[in-house]
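Only one structure is covered here, and it is reproduced in the block below.
The values are calculated or read from the model by the stated rules, or taken from the named source; none is laboratory data. Note that the structure is predicted; figures quoted are calculated from it, not measured. Please note: Cβ atoms are built from the backbone with ideal geometry, for glycine as well, and neighbour counts cover all protein chains shown. Heads up: the accessible areas ignore ligands, DNA and RNA and are worked out on the full protein's heavy atoms, side chains in. Shrake-Rupley method; radii C 1.70, N 1.55, O 1.52, S 1.80 Å.
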Amino acid sequence: YMKKFDKDNLNLFKNRFVEYYNNLLGGDKEEDAVKIWDKMNAFSSYGFNRSHAAAYALMGYWCQYLKVKYPLEFWTASLNFANYEEEVPNRISEIRKIGSEIRLKPPCVNKSDLFFVGFPDDNSIYWSLTKIKNVGDVAARVILNERNQNGDFSDLEDFINRVPKNKVNKRVVKALIIAGAFDNIGGQYGLKID
């Protein structure tokens with residue numbers, strides 16, 4: 001009942017505990033029994049058994065080690081497992097706050113993937129294609145399939161000619177343009193931005 005925070009049943013056990021404590025030790029020890037009960041009750045609100053606490057401590061140690069020794073890999077994984085709307089902004093803020101050399105880059109049709117992806121050669125993390133509003137999982141997979149089979153896209157026109165219109169429609173292309181996914185590819189439409 002402590003674990004489930006069932007206050008009504010918990011109070012029944014409190015009375016039994018106090019009574020048993022008094023009978024066990026003899027005499028009037030109700031004040032001591034109530035103190036002990038209150039400590040147990042407080043512990044139950046956020047108490048771990050030993051194995052759980054040990055696992056938390058070990059996990060914390062590993063995370064800190066990876067954060068210091070392999071920051072690009074750590075933050076890439078952290079962004080991938082974070083809740084997009086609530087936790088990703090916090091992760092980005094943390095990366096900037098610790099003064100990391102990691103650069104977060106906007107999506108790129110030639111570098112981004114379904115998830116955030118890290119590039120050790122320039123210590124950067126490219127934004128995920130699926131995290132762009134109006135770019136769904138199916139459209140992102142079609143883009144990646146085409147890129148993997150036939151090479152990088154040379155410009156916006158090449159992209160439009162190579163991807164199937166029924167999977168990557170005008171709305172998806174517009175969302176990619178607004179997100180900056182074509183900024184780093186050539187042609188008259190692309191700008192070379194680093």
*All but one of (1) closer than 29 Å to residue 174 by Cβ; (2) part of a helix (DSSP H, G or I); (3) open to solvent by 60 Å² or more (accessible area, probe 1.4 Å) hold for residue 68, so report the exception by its number.*
(1)
*Residue that is modelled with the lowest pLDDT, among those in segment 30-62 that are over 30 Å from residue 74 (Cβ atoms) and open to solvent by 80 Å² or more (accessible area, probe 1.4 Å)*: 43
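Per-residue answers, yes or no, for (1) under 14 Å from residue 125 (Cβ atoms); (2) under 16 Å from the mean Cα position of the chain (by Cα):
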site	(1), (2)
38	no, no
42	no, no
51	no, no
61	no, no
66	no, yes
72	yes, yes
75	yes, yes
79	yes, yes
*asked:* Exactly one of these conditions fails for residue 184: (1) assigned to a helix (DSSP H, G or I); (2) of a type outside the set (Ser, Thr, Tyr); (3) surrounded by 16 or more Cβ atoms within 10 Å (Cβ to Cβ). Give me its number.
replied: (1)
*Every residue from segment 81-129 that is over 21 Å from residue 170 (Cβ atoms), hydroxyl-bearing (Ser, Thr, Tyr) and buried (at least 19 other Cβ atoms within 10 Å of the Cβ)*: 126, 128
*Since residue 87 meets every condition but one in (1) among the acidic types (Asp, Glu); (2) within 17 Å of the chain's Cα centre (by Cα); (3) under 19 Å from residue 184 (Cβ atoms), which condition does it not meet?*
(3)
*So which pairs qualify, if the first residue must be in segment 92-114 and farther than 30 Å from residue 163 by Cα, the second must be open to solvent by less than 20 Å² (accessible area, probe 1.4 Å) and assigned to a loop (DSSP other than H, G, I, E, B), the Cβ gap must be under 8 Å, and the two must be at least 6 apart or on different chains?*
95/102
*Any chance residue 186 is touching a Pro at 6+ places or on another chain (Cβ under 9 Å) and modelled with pLDDT under 95*: no
*Being among the aliphatic types (A, V, I, L, M) and out of contact with any Pro (no Cβ under 9 Å at 6 or more places or on another chain) is the filter; apply it to segment 71-80 and report the residue that is surrounded by the fewest Cβ atoms within 10 Å (Cβ to Cβ).*
77
*Within segment 130-157, restricting attention to residues that are in contact with a helix residue (DSSP H, G or I) (Cβ under 7 Å, 6 or more places away or on another chain) and either of a type in the set (S, T, N, Q) or more than 24 Å from residue 79 (Cα to Cα) (or both), which residue is least open to solvent (accessible area, probe 1.4 Å)?*
153
*All but one of (1) at pLDDT below 90; (2) in contact with a helix residue (DSSP H, G or I) (Cβ under 9 Å, 6 or more places away or on another chain) hold for residue 97; which doesn't?*
(2)
